[in-house]
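The values are calculated or read from the model by the stated rules, or taken from the named source; none is laboratory data. Computed from a predicted structure; not experimentally measured. Reconstructed Cβ throughout: ideal geometry from the backbone, glycine too, with neighbour counts over all protein chains shown.
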Amino acid sequence: MDTYSELVEIVLNPQKKQPEKLRYEGFKKLLKVSEETPETLYPYWDAFAKELEDANSDHKYEGVLILANIAKVDREGRSKKIIDRYIELLADKSFVVALNAANNVGKFAKTHKELRERITQSLLDLKMTKHKHKNLLMSGAIISFNEYFEDSQDKEKIRTFVKNLETGESPKARKLAKQFRKDHHF
């Protein structure tokens, strides 16, 4: 199980029912590859994009993480084709999927400036989410804003969003908001 295509086959092929432990181990390896050498997994973009449509939350979660990492090497515009679905996952019924989409959608905005405004608005709209842990979900927005804040055209809106989280219910959101303000000098 050394080649990327073998790992992708184990993780993404629904016809070959793999033991969950083997599948998860394969995913962890692919995630590491996507972080270190995303260009190696770019040829498998479409397969990972299909994961965003899967009924299984674990599969969506895997697609969310890996696509965000390989988006930085997307020179063919594939990110534009999936960004609407990716943003929809901010409201996924699985909190884990929604939180990880919030944590990672900023990676698309960092690389693809034409997507920034849409991504920013979707993150700002998290204040209207129906998820129980709204402030924790909004902390994911802060993580994403960190990816591209300096290049954003919506700095004032982001600042207001972050300031409001400093007094929120979530300790994580408060901590991230304070650090964000410190890092970005406001």
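Please determine whether any residue of the range 30-39 is within 16 Å of the chain's Cα centre (by Cα) and acidic (Asp, Glu). Yes, because at least one residue in the range 30-39 is within 16 Å of the chain's Cα centre (by Cα) and acidic (Asp, Glu). Here's a check for you: in the range 85-116, which residue that is of a type in the set (S, T, N, Q) and assigned to a helix (DSSP H, G or I) is nearest to residue 54 (Cα to Cα)? Ranking the qualifying residues of the range 85-116, first place goes to 100.
Of all residues in the range 65-81, those that are over 15 Å from residue 37 (Cα atoms) have Cβ atoms under 8 Å from Cβ atoms of residues that are of a type in the set (S, T, N, Q) and assigned to a helix (DSSP H, G or I), 6 or more apart or on another chain, in 79/111. Would you check if there is a residue in the range 57-71 being over 19 Å from the mean Cα position of the chain (by Cα) and at negative phi? So far as the range 57-71 goes, no, none of its residues is over 19 Å from the mean Cα position of the chain (by Cα) and at negative phi. Only one entry of 119, 82, 70 meets the criterion of being of a type in the set (Val, Ile, Thr), surrounded by 20 or more Cβ atoms within 10 Å (Cβ to Cβ), in a helix (DSSP H, G or I) and in contact with a Ser or Thr (Cβ under 6 Å, 6 or more places away or on another chain), and that entry is 70.
Cβ-Cβ contacts under 6 Å between residues 6 or more apart (or on different chains), taken from a first residue in the range 44-55 that is under 16 Å from residue 10 (Cα atoms) to a second residue that is of a type in the set (Gly, Ala, Ser), are listed as 48/63; 51/63. Consider the range 122-135 and keep the residues that are crowded, with 17+ Cβ neighbours inside 10 Å and at pLDDT 95 or above. The one that is nearest to residue 77 (Cα to Cα) is 122. Scanning the range 143-183 for residues that are among the β-branched types (Val, Ile, Thr), surrounded by fewer than 17 Cβ atoms within 10 Å (Cβ to Cβ) and part of a helix (DSSP H, G or I) turns up just one, 160.
Being part of a loop (DSSP other than H, G, I, E, B) and among the polar types (S, T, N, Q) is the filter; apply it to the range 1-22 and report the residue that is modelled with the highest pLDDT. Here the residue is 3. Looking only at the range 168-183, residues that are within 12 Å of residue 146 (Cα to Cα) and touching a Ser or Thr at 6+ places or on another chain (Cβ under 7 Å) come to 1 in all.
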